[in-house]
Amino acid sequence: MELASYLAGERWSDHPACTHPLLAALARLVNDNTGDESRAQLVRLVPSIIGLAGDDLRVDARIALRCATTALPVAAAERQLALAVSVLAAEEMLARLDGAPPGRLGELSRQAMEAVPHAAEQARRFSRAARITQKGFRRYAAPNAVQLSVVGIVQACIPDPDALLRRLLEEAIDDCAALIRPAPEPTTAPTPIHA
């Protein structure tokens with residue numbers, strides 16, 4: 001993040017204005033929890049996070065959702081309930097922001113929840129009783145989802161947690177880019193007029 005601040009022409013900081021705060025937090029956590037050999041591979045991602053800033057709560061929700069759905073299937077049992085609640089909270093926030101009916105699950109969320117049926121059922125019971133505000137989601141729920149997810153991946157019994165952390169960061173960057181810098185609408189060429 002310090003390199004991103006430098007490349008963006010900002011003062012040297014690990015909290016640059018050029019990057020969404022939650023994405024920057026994820027990048028710091030991935031960097032801090034990755035081994036030295038794998039850390040060098042993260043440098044190539046720095047240019048892709050510059051300019052990914054904004055205050056749309058959908059960005060926070062997408063980052064939290066990406067993190068929780070990535071970590072949930074590999075995390076230890078004691079972390080699964082909190083991660084499953086994070087999935088449901090992010091999906092609920094996205095539904096509210098999009099004006100969609102509550103209770104929907106995207107494909108990644110559905111797959112992640114199916115991998116941990118006991119935690120998923122407990123999370124559904126818990127989530128029915130709780131309703132989070134937008135302010136509470138941005139301030140507490142989304143950052144907690146990111147933190148829990150990184151720790152869950154780091155402590156998971158998987159062959160290469162560094163690779164999963166790097167993939168998580170890459171996919172979160174792609175999610176943010178799609179929201180913040182959507183692809184331009186395709187234009188159609190005018191039909192030539194023949195005289």
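The values are calculated or read from the model by the stated rules, or taken from the named source; none is laboratory data. What you see is a predicted model; the values in this text were computed from it and never measured. Cβ coordinates were reconstructed from backbone atoms using ideal geometry, including for glycine residues, and neighbour counts include every protein chain displayed. Just so you know, the surface numbers come from the protein's heavy atoms only, side chains and all, with ligands and any DNA or RNA stripped out. Shrake-Rupley method; radii C 1.70, N 1.55, O 1.52, S 1.80 Å.
So between Y140 and R110, what do we pick up on full extension, going 0.36 nm a residue minus the alpha carbon distance?
8.5 nm
When the Karplus curve 6.51 cos²θ - 1.76 cosθ + 1.60 is applied with θ = phi - 60°, which whole-Hz ³J(HN,Hα) does each residue of the range 163-169 get, with x for Gly and Pro?
After applying 6.51 cos²θ - 1.76 cosθ + 1.60, I find 5, 5, 4, 5, 4, 4, 5 Hz.
Multiply the residue gap between C157 and D32 by 0.36 nm, knock off their C-alpha separation, and tell me the result in nm, one decimal place.
43.1 nm
To the nearest 0.05, how large is the calculated FRET efficiency for A129 and A40 if R₀ is 41 Å and r is the Cβ-Cβ distance?
After rounding, the FRET efficiency stands at 0.35.
List the trypsin sites (Lys or Arg not before Pro) within the range 74-126 that DSSP assigns to loop and that have no more than 15 neighbouring Cβ atoms inside 10 Å.
R104
If DNA, RNA and ligands are ignored and the probe is 1.4 Å, what is the ranking of V87, V151 by accessible area, most exposed first?
V151, V87
Which whole-Hz ³J(HN,Hα) couplings does the range 28-44 yield from phi under the Karplus relation 6.51 cos²θ - 1.76 cosθ + 1.60, θ = phi - 60°, glycine and proline marked x?
For the range 28-44, the Karplus-derived couplings read 5, 5, 4, 4, 5, 10, 10, x, 4, 5, 6, 4, 4, 6, 6, 4, 5 Hz, x marking Gly and Pro.
Per residue of the range 65-76, what does 6.51 cos²θ - 1.76 cosθ + 1.60 with θ = phi - 60° give for ³J(HN,Hα)? Whole Hz please, x for Gly and Pro, Karplus curve as stated.
My calculation for the range 65-76 gives 5, 4, 4, 5, 6, 6, 7, 3, x, 10, 6, 5 Hz in order.
Could you tell me what percent of the accessible area of the range 1-180 is made up of carbon and sulfur, with a 1.4 Å probe and every protein chain present?
So the carbon and sulfur contribution to the accessible surface is 53 percent.
Principal axis extents for the range 54-177, Cα atoms only, whole Å, descending order, please.
40, 34, 24
Taking only protein heavy atoms and a 1.4 Å probe, what accessible area per residue, in Å², does the range 1-180 have with all protein chains in place?
50 Å²
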